[in-house]
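Before any comments, here is the structure.
The values are calculated or read from the model by the stated rules, or taken from the named source; none is laboratory data. All values reported here derive from a predicted model rather than from experimental measurement. Glycine gets a Cβ as well: all are built from the backbone with ideal geometry, and neighbour counts include every protein chain shown.
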Amino acid sequence: MIKERLRDLITKAFTQACSDGKMGPLTECPEPIIVEQPKLPEHGDLACGVALKLARHAKLAPIQIANNLAEYIRKTPEAKNGCIDSLEVANPGFINFRLGKVWLTDAIQEIILKKENFGRENVGQGKKVLIEYVSANPTGNLHIGHGRGAVLGSCLANLFDFAGYDVEEEFYVNDAGAQIAALGRCALAAYQRKLGKEVEYPTDGYPEESLTEYIDKVIEQDKDKYLSMDETEAIPAIGNATKKVIQDDQEKLLERLHITFDRWFSEESLHQANKVDEAMQVLADNKFTYEKDGALWLKSEGEERDRVLRKSSGDYTYLANDAAYHLDKFKRGYDLMINIWGADHHGQVPGLKAVIEALGYDKEKLQVVLTQIVNLNRDGKAVRMSKRRGTVVMLDEVMDEVGVDAVRYFLAESNPNNPINFDLELAKKQKRENPAFYIQYAHARCCSILRKAVEEQNDRETGETKPAVLTEEQLKSFEKEFEKDASLFLAVFDEAPEKFVYQKNLVMRLEALPDEVRDAAVNWQPGKLAHYAYDVANHLQKFYEESQVILPDNLPVMKARLGLIMATRQVLANALHVIGVSAPERM
């Protein structure tokens, strides 16, 4: 990458300056050498301000240090052979660089060579990560809040995989306890009423209308099977049948959202394997439990209050089940575990951290990411979707209205700490202001340009059919040539500065993908890749407006620019892959 090459050049210049005694008492660099893109284009393409940090160590003025470094950089081959077009020192101690064409051509070639692997980094160094997300109760379908956690978890998993982690994705099925018992009671009543039996529907349970579509499926598969059962037998039986139908629907909906899990982990399986009892025994052995008023309590050192693990009724609490589940996670040997929860669960985080510590594990290996609410708007007004399904907005309804890719993009682009104002009308627009559409259109445009080079064209003025400029074999052969010779890309660039700037800017944004991936992975912000892709699409638009690509009378330029279009298409596809949005070839 260009930044790394420039950083290496500055490092060598510093070493030589030290050897010549031009860095005061310094013999090695005590500060990181950081190369960044300046905010203002008049300050160059890239800049380094390390002289400002070195001043106190070298006992020299920053401007003097910058001038000394610049002196050595100007003597390097890179400053003379077209890698660096110019450099200047600016107060109070910056070195500003303008790039030549050589490093830019190398950058395009690297993308062509690495293809779908361009941008992959090794931030994770193979560390094992488990991301648990969605984990909705199997008592109803998923709402838009679940959708936000689902998209964030999926994007984070894609990002971590792209950044060199060994990632697993898990859905924790809350299929034990009072909620499932309540589901069974409500399901049986709804089932009986559907089949003509006059019974009262529980007033303290799930809304009957929210179960209708699931009970219809239960009747379709099991007919009147549960009518003849004793209630004590029928409630758990139909509860499990309904739970299975709901879970299947959740799984299908998530697959439609481009999400699959390595594992659906059943809470009930913890009880069947006595793992909750085992976790309580570990806590007792570690002297972190005590009994009071017939209940079992967790002794929470440093916390405001102790927490109940087992009620006086003998039923385990959510915390006890979570203790067993997370003990199982730790035993599986992950280096990092991430839970993605809705912000309404923030009060559970301290208790979970406390129980992990009490179990004898490093609580910092578990991190909880909280997602804020999603507000749906249409024409500036809050929206409530289907009344039939209650007051919450269901995820499938939003997907039906705006499409899967728009849902993923708009839920992925925001920081999870901030609420989302999801504009339904914007998400449907096929215009530039809709970023999801605009990025996909940029990818499709690249594909269209490449097709145009090998397809017959109709002359709009004469109506005649013109032969294709190239054959498909020629276009494929170009790619092989690019892999061997980066200098072919020199023809991409115009001598005219007003055109060169757009060509250069596009290449610089393309080659920045590895930096963007690294930054996003370190900060756990996959949304950064959404914004990056939009920026690439903008630079492609400016390039396209200023630079003709299909030039039958100038094969070297056409060949080089088709290569740049190939590289742009690849970068857009790679960035879209991370956020789980499709990269269409036609729109």
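Quick rundown of the values:
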{"item": "Any chance GLU233 is of a type outside the set (Lys, Arg), closer than 19 Å to ASP175 by Cβ and without any contact (Cβ under 8 Å) to a residue 12 or more places away in the chain", "result": "yes"}
{"item": "Condition met for PHE162 (under 16 Å from the mean Cα position of the chain (by Cα) and either over 27 Å from LYS217 (Cα atoms) or outside the structural domain of ARG509 (by TED's automatic domain parsing) (or both))", "result": "yes"}
{"item": "Meets criteria (in contact with a Phe, Trp or Tyr (Cβ under 6 Å, 6 or more places away or on another chain) and either in a helix (DSSP H, G or I) or within 24 Å of TYR318 (Cα to Cα) (or both)) for THR232", "result": "no"}
{"item": "Single residue of LEU113, LEU99 found to be in contact (Cβ under 8 Å) with a residue 12 or more places away in the chain and within 25 Å of LEU576 (Cβ to Cβ)", "result": "LEU113"}
{"item": "Odd one out for PRO350, checked against (1) surrounded by 13 or more Cβ atoms within 10 Å (Cβ to Cβ); (2) without any contact (Cβ under 8 Å) to a residue 40 or more places away in the chain; (3) not in a loop (DSSP other than H, G, I, E, B)", "result": "(2)"}
{"item": "Flag if LEU54 is surrounded by 15 or more Cβ atoms within 10 Å (Cβ to Cβ), free of Cβ contacts under 8 Å to residues at least 60 places away in the same chain, touching a helix residue (DSSP H, G or I) at 6+ places or on another chain (Cβ under 6 Å) and not in a helix (DSSP H, G or I)", "result": "no"}
{"item": "Test: LYS381 is at pLDDT below 95 and of a type in the set (D, E, K, R)", "result": "yes"}
{"item": "Yes/no for ASN141 being assigned to a loop (DSSP other than H, G, I, E, B) and under 26 Å from LEU488 (Cα atoms)", "result": "no"}
{"item": "Within the stretch 451-499, tally of residues that are more than 30 Å from PRO41 (Cβ to Cβ) and of a type in the set (A, V, I, L, M, F, W, C)", "result": "7"}
{"item": "The stretch 548-587, residues that are of a type in the set (A, V, I, L, M) and either on the phi > 0 side of the Ramachandran plot or in contact with a Gly (Cβ under 9 Å, 6 or more places away or on another chain) (or both)", "result": "VAL571, ALA575, VAL578, ILE579"}
{"item": "Residue that is nearest to the chain's Cα centre (by Cα), among those in the stretch 1-51 that are among the polar types (S, T, N, Q) and assigned to a helix (DSSP H, G or I)", "result": "THR11"}
{"item": "One residue from ALA496, ALA520 being closer than 30 Å to VAL35 by Cβ and surrounded by 21 or more Cβ atoms within 10 Å (Cβ to Cβ)", "result": "ALA520"}
{"item": "Yes/no for ILE356 being among the aliphatic types (A, V, I, L, M) and within 30 Å of GLY333 (Cα to Cα)", "result": "yes"}
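Conditions (1) within 21 Å of the chain's Cα centre (by Cα); (2) assigned to a helix (DSSP H, G or I); (3) of a type in the set (Lys, Arg); (4) on the phi > 0 side of the Ramachandran plot, marked per residue:
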{"site": "VAL398", "(1), (2), (3), (4)": "yes, yes, no, no"}
{"site": "ASN415", "(1), (2), (3), (4)": "yes, no, no, no"}
{"site": "TYR438", "(1), (2), (3), (4)": "yes, yes, no, no"}
{"site": "ALA444", "(1), (2), (3), (4)": "no, yes, no, no"}
{"site": "LEU450", "(1), (2), (3), (4)": "no, yes, no, no"}
